[in-house]
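The values are calculated or read from the model by the stated rules, or taken from the named source; none is laboratory data. The structure presented is a predicted model; accordingly, all values stated were derived computationally and were not measured. Positions of Cβ are backbone-derived with ideal geometry, glycine not excepted, and every protein chain shown enters the neighbour counts. These accessible areas exclude ligands, DNA and RNA; they are computed on the full protein's heavy atoms, side chains included. Shrake-Rupley method; radii C 1.70, N 1.55, O 1.52, S 1.80 Å.
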Amino acid sequence: MPRNDAPSPTPAPCRKAGTGPAPEWTRGSGLGPLLFLGPLVLVALGVPLPILAQDAQGRDSERTGPIFQDGQAQVVPAFQDTSRWIREELWVEAPFDTDSDGEPDRVHVAVVRPEQTETEGLRVPVIYVSSPYFAGTAPPTLEYFWDVRQEVGEPPPPRRPAPSVSAHLRSGISNSQVDTWVPRGFAVVHSEAPGTGLSEGCPTVGGDPEALAPKAVIDWLNGRAPGFTASDGGEEVLADWSTGKVGMTGTSYNGTIPVAAATTGVEGLEAIIPVAPNTSYYHYYRSHGLVRHPGGWLGEDIDVLYDFINSGDPEGRPYCNATYRDREMAQGQDRITGDYNDFWAGRDLWRELDGIRAAALMAHGLNDWNVMPSHSVTVYENLKARGVPAQVYFHQGGHGGAPPLELMNRWFTRFLYGVENGVEDAPRAWIVREGEEPSNPTPYPDYPHPDAHPVNLYLRAGGAQRGGLDLQPRPGQGTETLEDNFSFSGTTLARAEWTDHRLLYVTPPLQTDLHLSGTPEITIRLSADAPAANLSVWLVALPWIDGRQSRGGIITRAWADPQNHDAFDEPGPPSRSEPLVPGEFYALSFPLEPDDQVIPAGERLGLMIFSTDRDFTLWPDPGTQLTIDLDATVLTLPVVGGHGALTEALDSSN
């Protein structure tokens, strides 16, 4: 969750309403009078052209404009002098009142733009970042997280609310993106999320205000919403330097907000580049009905995140805490069943994706176990199906990791400046292969790979040590049992030669490299000797070697709640559960996290089934037993080349 804490220079006064619009010749496209010059091809080739306009006396004068080369906006020397950039701050009125003070909340906004937008009437598009982190956060002290020593399906121990955030307020909000985009002819806008920093209202953590606040800022950039010089009263501020075309980007929470804003369909938001966005709070804090924490943040839930970002006006915090954290979140998050409900539905952007019209370049790490890859893959698949321009950039690392600047530049240049640079005809998927630098992705026609097809693998007895994982079923394998114990990590269990605490089924060594691309699925039939239990499933590469870059360890994984067995066949997340009848078998089918990985020859694929994943799930008392029906359990892998490729990879005669 990176943020730039460097101080910003003191902002310049804002342009007030009534001081006169930008010259008429600058209205419209954002390319200003370039539209009247004719030889635009010269600009596309990178030849700087003077922009001709008439001064007040009717004489021709030169104006500075953007330069494009190879379909990308180039650094313009006249835009590089940081001391001459225009910096201003304001508050945009939003269409909600989260603090119930009877007045619309106002959103704190900071603008950095080239001097020429003030002196020469130049109008420019905007790169926009919004965040709840800019004013600082609470320390992530585990004593204020939820205690995971809880029985599955039982009420949790009480949680201690975290101390109040000491806000670190500064002028300019943030310097992120400024040095990259202002010299290339864009303005950069930052805003603080509602209830954080100097923005009014309350944090709602995924609630509607987090979509409506950036929408209001985009409306202001298009002249449809008022902005003011103060959070209360103040003079009106115009954005008459803006073309109205906006692109949003950011990482993690800052990447979530562009998706949220785009779901509103707001006019003017032309492109987004979300990096590792959390696009569904239910799928961030729950997995197939199971209480499951984000990687690295064991015990976090949505109320913990509320405390983490609650940096707004201290005088308003008692009302916000009582209304949102202690009532809405406490009543809705449900750490007993983990089921989907109206509370989570109100924070689930997957339900709102049909509203997106902005072109999206989704970026994600395939080894991100904080915000998992499905958060971006789900968005991409929706946009692709509806014909909205979309691409993906996936790397083999963890949380964060923006696309190379070239990809981002081409995306924003195409959709904010209207330069026909061919991005719509470019490969849809850019995937960093194992061992390659993030700046060197491999292009593919699409994600998943168009040649990927589902292939089933079947279990063969012997899972306490290493059972088999075969292309053909072998009837009569019977059942095998594991015993839950949170004392052992998944890594320890995968390394173990023999243990009663997991079941492991492996293929023979691969004879050729094997490319997996897409979303694996599992159908598993099991029973438990208790009314509730965790279920964890890992797909691994063996021998175990720490770290994905060495192509060992985890390929992908998933978690599920067997109490939701009747809900897995229904559309949407599981919303109803019931206690298990000890000894009775239940069938569950669910996806693992999406992936794209090449498993090298010599390694084995392994399916590991266990109960408590100590790095992600609750920690019930050890001893619960899960019994797996091997004959009714099937792993389905998305293999590039399909059944033939996997058959070849497993053929020992090669």
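Annotations
- Yes/no for residue 546 being of a type in the set (D, E, K, R), more than 21 Å from residue 288 (Cβ to Cβ), open to solvent by 50 Å² or more (accessible area, probe 1.4 Å) and over 26 Å from the mean Cα position of the chain (by Cα): no
- Checking each residue in the range 370-399 for being assigned to a helix (DSSP H, G or I) and either hydroxyl-bearing (Ser, Thr, Tyr) or open to solvent by 30 Å² or more (accessible area, probe 1.4 Å) (or both) picks out 374, 376, 378, 380, 381, 382, 384, 385, 386.
- Within the range 563-611, the residues that satisfy the criterion of being within 26 Å of the chain's Cα centre (by Cα) and in a loop (DSSP other than H, G, I, E, B) are 568, 570, 571, 572, 573, 574, 575, 592, 593, 594.
- Complete set of residues in the range 144-203 that are of a type in the set (D, E, K, R) and either outside any loop (DSSP other than H, G, I, E, B) or open to solvent by less than 10 Å² (accessible area, probe 1.4 Å) (or both): 179, 184, 192
- Candidates 73, 78 - the one that is open to solvent by 40 Å² or more (accessible area, probe 1.4 Å), at pLDDT 95 or above and over 30 Å from residue 207 (Cβ atoms): 78
- Residue, nearest to residue 455 (Cα to Cα), within the range 483-529, restricted to residues that are open to solvent by 60 Å² or more (accessible area, probe 1.4 Å) and of a type in the set (Phe, Trp, Tyr): 498
- Just one of (1) part of a loop (DSSP other than H, G, I, E, B); (2) open to solvent by less than 50 Å² (accessible area, probe 1.4 Å); (3) touching a helix residue (DSSP H, G or I) at 6+ places or on another chain (Cβ under 8 Å); (4) within 30 Å of residue 300 (Cα to Cα) fails for residue 239. It is (4).
- Check on residue 118, under 29 Å from residue 201 (Cβ atoms), acidic (Asp, Glu) and modelled with pLDDT of 95 or more: no
- Extreme residue, farthest from residue 283 (Cα to Cα), among residues of the range 309-319 that are outside any loop (DSSP other than H, G, I, E, B), of a type outside the set (Ser, Thr, Tyr) and over 18 Å from the mean Cα position of the chain (by Cα): 315
- Within the range 244-258, residues that are buried (at least 24 other Cβ atoms within 10 Å of the Cβ) sit with their Cβ atoms under 9 Å from residues that are acidic (Asp, Glu), at 6+ positions apart or across chains, in these pairs: 245/270; 246/270; 247/270; 256/210; 257/210.
- Residue 554 open to solvent by less than 10 Å² (accessible area, probe 1.4 Å), assigned to a strand (DSSP E or B) and touching a residue at least 12 places away in the same chain (Cβ under 8 Å): no
- Residues (among the hydrophobic types (A, V, I, L, M, F, W, C) and closer than 30 Å to residue 322 by Cα) located in the range 146-195: 146, 148, 152, 162, 165, 167, 169, 173, 193
- Looking only at the range 132-143, and only at residues there that are without any contact (Cβ under 8 Å) to a residue 40 or more places away in the chain and part of a loop (DSSP other than H, G, I, E, B), the one that is nearest to residue 185 (Cα to Cα): 139
- Scanning the range 400-456 for residues that are part of a loop (DSSP other than H, G, I, E, B), within 21 Å of the chain's Cα centre (by Cα) and among the small types (Gly, Ala, Ser) yields 400, 401, 402, 439.
- With respect to (1) within 16 Å of the chain's Cα centre (by Cα); (2) over 30 Å from residue 427 (Cα atoms); (3) basic (Lys, Arg), the lone exception for residue 335 is condition (1).
- Any hit, the range 407-424, residues being closer than 30 Å to residue 578 by Cα and open to solvent by less than 10 Å² (accessible area, probe 1.4 Å): no
- Subset of the range 428-482 that is open to solvent by 30 Å² or more (accessible area, probe 1.4 Å) and aromatic (Phe, Trp, Tyr) - its residue that is nearest to residue 529 (Cα to Cα): 458
- Condition broken by residue 561, with the remaining ones in (1) buried (at least 22 other Cβ atoms within 10 Å of the Cβ); (2) farther than 18 Å from residue 609 by Cα satisfied: (2)
- Taking the range 304-324 as the range and being small (Gly, Ala, Ser) and within 20 Å of residue 140 (Cβ to Cβ) as the test, the residues that pass are 311, 312.
- Number of positions in the range 274-326 that are among the acidic types (Asp, Glu) and open to solvent by 30 Å² or more (accessible area, probe 1.4 Å): 3
- Residues that are part of a helix (DSSP H, G or I) and free of Cβ contacts under 8 Å to residues at least 60 places away in the same chain, drawn from the range 329-344: 330, 331, 332, 342, 343
- Residues (open to solvent by less than 10 Å² (accessible area, probe 1.4 Å) and not hydrophobic (A, V, I, L, M, F, W, C)) located in the range 259-268: 268
- Checked across the range 614-624, the condition of being farther than 20 Å from residue 503 by Cβ and surrounded by fewer than 15 Cβ atoms within 10 Å (Cβ to Cβ) holds for at least one residue.
- Every condition in (1) touching a helix residue (DSSP H, G or I) at 6+ places or on another chain (Cβ under 6 Å); (2) over 21 Å from residue 220 (Cα atoms); (3) surrounded by fewer than 23 Cβ atoms within 10 Å (Cβ to Cβ) is met by residue 115 except one, and the failing one is (2).
- Residue in the range 627-646 that is part of a loop (DSSP other than H, G, I, E, B) and under 28 Å from residue 542 (Cα atoms) present: yes
- Looking at 271, 345, just one residue is open to solvent by less than 10 Å² (accessible area, probe 1.4 Å) and within 23 Å of the chain's Cα centre (by Cα), and that residue is 271.
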